[in-house]
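Read through the structure below, which is laid out as structure tokens, and then see the notes.
The values are calculated or read from the model by the stated rules, or taken from the named source; none is laboratory data. Quick caveat: nothing in here was measured; it's all calculated off a predicted structure. Here the Cβ positions follow ideal geometry from the backbone for every residue, glycine too, while neighbour counts run over all protein chains shown. Heavy atoms of the whole protein, side chains included, go into the accessibility calculation; ligands, DNA and RNA do not. Shrake-Rupley method; radii C 1.70, N 1.55, O 1.52, S 1.80 Å.
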Amino acid sequence: MPKVTVDGIEIEVPNGATVLQACELAGKEIPRFCYHERLSIAGNCRMCLVEVKPGPPKPQASCALPAAEGQEIRTDSPMVKTAREGVMEFLLINHPLDCPICDQGGECDLQDQSVAYGRGASRYDENKRAVTEKYMGPLIKTIMTRCIHCTRCVRFSEEIAGVDEIGALYRGEDMQITTYLEQAAKHELSANVIDLCPVGALTSRPYAYEARPWELTKTLSIDVSDAVGSNIRVDSRGREVLRVLPRNNDDVNEEWISDKARYQVEGLTRRRLDKVWIRRKGKLEQASWDEAFSTIAKSKAGSSIAAIAGDLLDCETMFAAKKLLGALGSNLLESRQGGMAYPADNLAAVNFNSTFAGIEEADAILIVGSQVRWEAPLVNVRLRKAVKRGAKVFIVGPHWEPTYAAEFLGDDASVLGNLPAHVGEAMSKAERPAVIVGGAGLVAGALAPALALAVQWNLVREGWNGFNVLHMAAARMGSLMLGFAQKGGLADLVAAKPKVLLALGADEVDFSQFDGSLKVYIGHHGDKGAHAADVILPASAYTEKAGTYVNTEGRVQFADKAVFAPGDAREDWTILRALADALGVKVGFDSFGELRAAMAAEVPALGVEGLADYGALPKGEGATKTGAKAEGTIAYPIKDFYMTNAIARSSPTMQRCSAELLHGEDFAEAAE
């Protein structure tokens, strides 16, 4: 490890580190615009200049210069100060004075660094250049006159998202950043360039002119749009969520989130359930909480009561529902709305065991029945990294456009029983082989054959577990940990013909199967579940309650409450607690603290943040038992990436993305 001296402080730096990284290890702040830790080095903004000896007697770009033994680095010399002032002066030559009306104002790198490192006056007398605006779709607002050509957006699209959609045209003063043919950016991670842009050239179109950063209350939360469990920050003003931003977590989402996670929150204020409703003579009528509870109690269901958990639910709500049904003598609980009936007695067999960070190390990957780009865009980013390191990827399922080299083996699940010889050879010889089974694979019965392949290819070895199931619902792993599942799936509930059915935010169920039941919908949006319900009890969305979530790799995470629910809506657990009183049973908790403590006592893993330990995969007979034959054409469950849950379906931005980016509809701009 080379030793360098930074402003008189001698430090050791890792091999391969740059001078900029060495300076940061020494506690020195180096200004930069083009450099980003997760992108390749461009070295084109020149803001990170430092003085290095031995070397030429001039400032050097620290982001592109390797740290070497014996270097003396100065970050505060007169030469460096003058050089940075000069660079800042050049950067501001064509930059418009837009700060009072720029959406980046208050959280703009250029604004901050011009104050910290600029001259404080301009010597430029010529006309500023202007650049025409580019249309980058319904999510990204562009004012390209502000662009300083740092190329962060270009590098993100090419390197992280793997979609070549943004690039540079022309040269010198005429250079412009644009999407090719000025079409919309269509990939699932496109809005991350808004966070990356160090100036106000790319800003959020839906959030434009909504608020300034100092007006917002910031709450740490977890995204529920998929099963990745991305760490997010919810920014709210008063009782309204205005935007969602990613939080850094290298183990989960790094610092990216999907476009759906970012913009589905617009749906939180639309089509909301904020009053109690009861269906009388086929028509929903407004009612009181007492009337609703009385209607449920009059059904005299006894133990003939069932509960279905929705995809966005927190563990506390499911635990409260389980306690309520247990007190009534029922165990009719199910969370797999789609009707999947895979065994849930061994959680290691339905978990993403490699972890998201670990899958980057895989060198041969078989994906069964998963369109990863739509089901978990951030896992797709990890797979792309694995391919960059040399991994081979094979996919069983209908064709989709991966952002890396992959071989499609066919769209019938029976392929698993007759894999091409080169696939078996690649998986057997790999040092870190991995199998990923998606939702479509589970429906097609691919879990048992995949477990058999795990034994055959020795996927579990010292320091490595390559067997993975990729879920799509944020509530799935938490529900399985709580035992919120039937052996035969939803079919068991249908066969039981319950007198009362509690739909806990469940909107993807075919409610016609429960024609004879009193359907009670406890949820937050007037979506499919509410349309089918006989009684509607308004509940809280994920930003309106504290909760515990478990992602598809078994990582337990906690979210905080950002805002209050609208109108008469209440937190889900309080509704279930009040319902217990109406039905004359005890559930053992009266406060959220007591509920969470009772849950942690019953399932200790849910009380500790981090990866849960699910033990070993089933081996031998357990892996190859009857039914280890998958057959039938695989059909991916997600038909529209932007419309997968009730909140997203209520968001105008998600509706426009679906119409424009997926279905090719044209939207006239204001001037048209």
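Can you name the residue in the range 629-666 that is more than 18 Å from Ala474 (Cα to Cα) and among the β-branched types (Val, Ile, Thr) and is also modelled with the highest pLDDT among such residues? Top of the filtered list is Thr653. A Cβ distance below 8 Å, combined with a sequence gap of six or more or placement on separate chains, defines the contacts here; from the range 318-335, residues that are closer than 18 Å to Ala474 by Cα reach residues that are among the acidic types (Asp, Glu) and open to solvent by 30 Å² or more (accessible area, probe 1.4 Å) in the pairs Phe319/Glu602; Glu334/Asp492. Residue count for the range 1-25 satisfying the condition of being under 14 Å from Ser62 (Cβ atoms) and either without any contact (Cβ under 8 Å) to a residue 40 or more places away in the chain or of a type in the set (Phe, Trp, Tyr) (or both): 2. Within the span defined as the range 37-47, one or more residues are buried (at least 17 other Cβ atoms within 10 Å of the Cβ), basic (Lys, Arg) and assigned to a loop (DSSP other than H, G, I, E, B).
Of everything in the range 407-425, what is part of a helix (DSSP H, G or I) and either at pLDDT below 90 or closer than 28 Å to Glu188 by Cβ (or both)? Give them in sequence order.
Taking the range 407-425 as the starting set, the residues that turn out to be part of a helix (DSSP H, G or I) are 413-418, 421-425.
Ala413, Ser414, Val415, Leu416, Gly417, Asn418, Val423, listed by residue number.
When the residues of the range 1-20 are narrowed to those that are out of contact with any Pro (no Cβ under 8 Å at 6 or more places or on another chain) and not hydrophobic (A, V, I, L, M, F, W, C), which ends up nearest to Val80 (Cα to Cα)? The selected residue is Asp7.
Restricting the range 208-221 to residues that are under 16 Å from Thr543 (Cα atoms) and touching a residue at least 24 places away in the same chain (Cβ under 8 Å), the residue that is surrounded by the most Cβ atoms within 10 Å (Cβ to Cβ) is Ser221. Do the conditions hold for Val608, that is, is it closer than 30 Å to Gly463 by Cβ, aliphatic (A, V, I, L, M) and open to solvent by less than 50 Å² (accessible area, probe 1.4 Å)? Answer is no for this residue.
Residues checked against (1) within 24 Å of Pro538 (Cβ to Cβ); (2) without any contact (Cβ under 8 Å) to a residue 12 or more places away in the chain; (3) open to solvent by less than 50 Å² (accessible area, probe 1.4 Å); (4) within 29 Å of the chain's Cα centre (by Cα):
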site: Ala569; (1), (2), (3), (4): yes, no, yes, yes
site: Asp572; (1), (2), (3), (4): yes, no, yes, yes
site: Ala578; (1), (2), (3), (4): yes, no, yes, no
site: Val587; (1), (2), (3), (4): yes, no, yes, no
site: Glu594; (1), (2), (3), (4): yes, yes, no, no
site: Val603; (1), (2), (3), (4): no, no, yes, yes
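Of all residues being open to solvent by 40 Å² or more (accessible area, probe 1.4 Å) and outside any helix (DSSP H, G or I) in the range 60-70, which is nearest to Ala201 (Cα to Cα)? Just the residue, please. Before you say what the answer is, go through the steps one by one.
Residues of the range 60-70 that are open to solvent by 40 Å² or more (accessible area, probe 1.4 Å), as a first pass: 64, 66, 68-70.
Subsequent filtering for residues that are outside any helix (DSSP H, G or I) retains 66, 68-70.
Working: Pro66: 31, Ala68: 36, Glu69: 40, Gly70: 41 Å.
In this case the residue turns out to be Pro66.
Filtering the range 393-433 to residues that are open to solvent by 20 Å² or more (accessible area, probe 1.4 Å) and among the β-branched types (Val, Ile, Thr) leaves only Val415.
Just checking, does the range 174-186 include any residue being open to solvent by 30 Å² or more (accessible area, probe 1.4 Å), touching a Lys or Arg at 6+ places or on another chain (Cβ under 6 Å), more than 29 Å from Val563 (Cα to Cα) and part of a helix (DSSP H, G or I)? Steps first, answer last, please.
If we filter the range 174-186 for residues that are open to solvent by 30 Å² or more (accessible area, probe 1.4 Å), which is where we start, we get 174-176, 180-183, 186.
Narrowing the set further to residues that are touching a Lys or Arg at 6+ places or on another chain (Cβ under 6 Å) leaves 182.
Right, trim to more than 29 Å from Val563 (Cα to Cα) and you get 182.
Right, trim to part of a helix (DSSP H, G or I) and you get 182.
Within the range 174-186, one or more residues are open to solvent by 30 Å² or more (accessible area, probe 1.4 Å), touching a Lys or Arg at 6+ places or on another chain (Cβ under 6 Å), more than 29 Å from Val563 (Cα to Cα) and part of a helix (DSSP H, G or I).
The set of residues in the range 275-332 that are among the polar types (S, T, N, Q), under 23 Å from Leu482 (Cβ atoms) and not in a helix (DSSP H, G or I) comprises Ser303, Ser304, Ser330, Asn331.
Picking from Thr145, Thr82, which residue would you name as being more than 31 Å from the chain's Cα centre (by Cα) and open to solvent by less than 30 Å² (accessible area, probe 1.4 Å)? Before you say what the answer is, go through the steps one by one.
Values: Thr82 fails: open to solvent by less than 30 Å² (accessible area, probe 1.4 Å).
Answer to the check: Thr145.
Scanning the range 310-332 for residues that are within 18 Å of Ala598 (Cβ to Cβ) and among the aliphatic types (A, V, I, L, M), which turns out surrounded by the fewest Cβ atoms within 10 Å (Cβ to Cβ)? Only one residue fits best here, namely Ala327. All of (1) open to solvent by less than 60 Å² (accessible area, probe 1.4 Å); (2) part of a loop (DSSP other than H, G, I, E, B); (3) farther than 24 Å from His149 by Cβ hold for Ile73 with one exception: (2).
Taken over the range 86-113, the residue count meeting the criterion of being in a helix (DSSP H, G or I) and open to solvent by less than 40 Å² (accessible area, probe 1.4 Å) is 7.
Scanning the range 274-306 for residues that are surrounded by fewer than 18 Cβ atoms within 10 Å (Cβ to Cβ), among the aliphatic types (A, V, I, L, M) and over 36 Å from the mean Cα position of the chain (by Cα) yields one hit, Ala297.
Would you please name the residue that is farthest from the chain's Cα centre (by Cα), looking only at residues in the range 446-463 that are in a loop (DSSP other than H, G, I, E, B) and crowded, with 21+ Cβ neighbours inside 10 Å?
If we filter the range 446-463 for residues that are in a loop (DSSP other than H, G, I, E, B), which is where we start, we get 446, 457-459, 462-463.
This time we only want the ones that are crowded, with 21+ Cβ neighbours inside 10 Å, so: 446, 457, 459.
On the way: Ala446: 25, Trp457: 31, Leu459: 27 Å.
Looking at residues that are in a loop (DSSP other than H, G, I, E, B) and crowded, with 21+ Cβ neighbours inside 10 Å, I get Trp457.
Scan the range 114-142 residue by residue and report those that are assigned to a loop (DSSP other than H, G, I, E, B), open to solvent by less than 50 Å² (accessible area, probe 1.4 Å) and of a type in the set (Val, Ile, Thr). The answer is Val131, and nothing else.
Exactly one of (1) farther than 25 Å from Asp109 by Cβ; (2) open to solvent by 30 Å² or more (accessible area, probe 1.4 Å); (3) assigned to a strand (DSSP E or B) is unmet by Glu51. Its number? It is condition (1) that Glu51 fails.
Residue-wise test of (1) farther than 24 Å from Gln371 by Cβ; (2) under 8 Å from the mean Cα position of the chain (by Cα); (3) surrounded by fewer than 18 Cβ atoms within 10 Å (Cβ to Cβ).
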position: Asp223; (1), (2), (3): no, yes, no
position: Arg239; (1), (2), (3): yes, no, yes
position: Leu242; (1), (2), (3): yes, no, no
position: Glu254; (1), (2), (3): no, no, no
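Looking only at the range 448-461, decide whether some residue is touching a Lys or Arg at 6+ places or on another chain (Cβ under 9 Å), in contact (Cβ under 8 Å) with a residue 12 or more places away in the chain and at positive phi. Within the range 448-461 (the criterion being touching a Lys or Arg at 6+ places or on another chain (Cβ under 9 Å), in contact (Cβ under 8 Å) with a residue 12 or more places away in the chain and at positive phi), the answer is no, since none of the residues qualifies.
Pairs are defined by a Cβ separation below 9 Å, a sequence spacing of at least 6 or placement on different chains, a first member in the range 132-154 that is closer than 13 Å to Gln176 by Cβ and free of Cβ contacts under 8 Å to residues at least 40 places away in the same chain, and a second member that is small (Gly, Ala, Ser) and open to solvent by less than 20 Å² (accessible area, probe 1.4 Å); the pairs so defined are Val154/Gly167. Is it true that Asp164 is of a type in the set (D, E, K, R), surrounded by fewer than 14 Cβ atoms within 10 Å (Cβ to Cβ) and within 16 Å of Phe33 (Cα to Cα)? Judged against the criteria, Asp164 is not a match. Asp568 falls short on exactly one of the conditions (1) over 24 Å from Gly338 (Cβ atoms); (2) part of a helix (DSSP H, G or I), and that condition is (2). Within the range 67-95, residues that are under 30 Å from Pro2 (Cα atoms) and touching a residue at least 60 places away in the same chain (Cβ under 8 Å) sit with their Cβ atoms under 7 Å from residues that are among the small types (Gly, Ala, Ser) and part of a helix (DSSP H, G or I), at 6+ positions apart or across chains, in these pairs: Ala67/Ala22; Ile73/Ala22.
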